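Throughout, read-outs are computed from the coordinates displayed, never taken from laboratory work. Treat the numbers as computed from the prediction; the structure is a model and nothing was measured. Quick reminder, even Gly has a Cβ in these numbers, built from the backbone with ideal geometry, and neighbours come from all protein chains shown.
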Protein chains: 2
Amino acid sequence: MSIEACREKFKSFLADRSLRVTGQRMAIFDAAFSEDAHNTAEDLLDRARSIDESVSRATVYRTLPIMTESGLLREVDIGRNLKFYVANHDNQTQQAQVVCLDCDRIFEISAPFMEWYRNTVSSNLGLTPVAHRLQVHARCDIFRETGRCRHRN
Amino acid sequence: MSIEACREKFKSFLADRSLRVTGQRMAIFDAAFSEDAHNTAEDLLDRARSIDESVSRATVYRTLPIMTESGLLREVDIGRNLKFYVANHDNQTQQAQVVCLDCDRIFEISAPFMEWYRNTVSSNLGLTPVAHRLQVHARCDIFRETGRCRHRN
DNA sequence: CTGCCTGCAAACTCTTTGCACGAAT
DNA sequence: ATTCGTGCAAAGAGTTTGCAGGCAG
């Protein structure tokens with residue numbers, strides 16, 4: 001989906017919930033969609049400020065959950081006391097991550113079987129699945145030995 | 001594996017690494033194995049202190065990574081800025097969690113296909129898998145409506 | 001005009017760290 | 001006797017919150 005379409009979708013989402021379409025919220029949206037990467041809250045604060053200088057850290061932290069709920073942002077938590085946020089152009093939910101512990105990269109991969117798995121597992125327990133997380137943490141031997149690999153430098 | 005066997009295994013692990021077998025470390029071990037539950041560091045501190053009053057928070061935080069590396073403890077991070085620790089009697093690594101967002105429980109389930117999955121995915125990227133995480137977050141409609149479900153109360 | 005939204009700074013939670021003392025080998 | 005382990009308290013990182021003023025609807 002185009003950024004413009006996502007932008008409109010975000011505005012609609014806010015309107016539907018009787019939330020206000022403020023300059024700060026749109027600056028944070030633009031920051032998140034200006035780069036397809038794994039951004040920290042701080043990354044987004046910096047980038048949002050370069051669009052609208054008045055954006056504060058508090059507003060970023062207050063806005064990220066809203067964008068996450070709208071489905072336009074995916075929250076990626078790889079267990080490092082630090083969350084990453086990824087623009088979610090196509091409302092994808094069947095993603096998994098491979099986290100390289102050596103070159104420190106996060107690779108997004110699709111994991112279509114999660115749809116089936118989470119339904120199976122949850123219904124066995126009488127629960128309704130709402131989200132899942134699937135991650136593989138790995139090492140890059142080449143990077144560790146040579147200081148570079150095909151993923152980073 | 002029996003607690004006693006695990007206890008000996010922990011002592012061997014420490015010895016092999018030239019780490020000392022201290023009263024505090026063993027108290028923390030005993031705290032972790034005294035209850036098969038998802039314990040926070042604070043839970044384990046309380047319990048360890050009831051065994052050996054001198055145990056400090058710092059030592060708990062310094063010991064948990066050692067126990068985790070030994071394979072006798074599993075670290076469970078469900079994305080809440082708070083880690084849980086589970087005694088790992090049988091060196092299990094193919095576990096997944098179902099986290100109920102309503103009754104706030106964590107269910108451990110086995111996910112044997114992860115062995116295959118993590119190998120497949122990592123080798124596609126030229127990486128060596130070292131760990132994985134698989135979680136399904138779910139809601140319990142019955143609990144939300146009635147305040148109780150078959151899992152809690 | 002009304003009440004949600006905001007920036008600021010302080011508070012919070014969990015975890016880590018520097019230091020001097022104490023205990024395991 | 002050495003050296004590693006420990007408790008204490010302070011620092012640290014990321015995130016949340018109370019408040020008074022500002023702006024969207």
Copy-to-copy spacing for B:Val130, label 7 Å out on the Cα-to-C-beta vector, in nm, shortest first?
-> 3.4
Once phi for every residue in the range A:94-111 is put through the Karplus expression 6.51 cos²θ - 1.76 cosθ + 1.60 (θ = phi - 60°), the whole-Hz ³J(HN,Hα) values, with Gly and Pro written as x, are 9, 9, 10, 10, 10, 9, 8, 6, 9, 8, 6, 9, 10, 9, 8, 9, 8, 9
Gap separating the Cα centres of the range B:77-107 and the range A:49-90, nearest whole Å = 26 Å
Cβ density ranking, 10 Å radius, fewest first, applied to B:Met114, B:Met1 yields B:Met1, B:Met114
Where rotation carries B onto A, the chain B residue whose Cβ is nearest that axis, in whole Å | B:Leu134, 3
Just report the Cα centroid separation between the range A:131-150 and the range B:5-40, whole Å.
-> 30 Å
Treating the beta-carbon of each Lys and Arg as +1 and of each Asp and Glu as -1, no other charges, what is the dipole magnitude of the range B:1-91 about its Cα centre, to the nearest 20 debye?
-> 340 debye
Provide an ascending nm list, one decimal, of label-point separations from B:Ile3 to the equivalent residue in each further copy; define each label point as 7 Å from Cα along Cα→Cβ.
-> 5.9
Rg over Rh, two decimals, chain B (C-alpha only, Kirkwood Rh) = 1.02
Please build a GNM for chain B, connecting alpha carbons under 10 Å apart, and tell me which residue among B:Val121, B:Val55, B:Val98 fluctuates the most.
-> B:Val121
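For the range B:1-59, what's the relative contact order in percent, using C-alpha pairs closer than 8 Å and at least 6 residues apart?
The value is 31 percent.
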For chain B, give the magnitude of the charge dipole about the Cα centre (Cβ charges: +1 Lys/Arg, -1 Asp/Glu; no others), in debye to the nearest 20.
-> 260 debye
The range B:2-67: which GluC sites (Glu not before Pro) are DSSP loop and have at most 16 other beta-carbon atoms within 10 angstrom?
-> B:Glu35, B:Glu53
Partner chain coverage, peptide A:116-127 - average Cβ within 10 angstrom = 6
Rel. contact order, % - alpha carbon contacts under 8 angstrom, at least six apart, chain B = 18 percent
Which distances, shortest first and in nm, link B:Thr93 to the matching position in the other copies, using label points set 7 Å out along Cα to C-beta?
-> 3.2
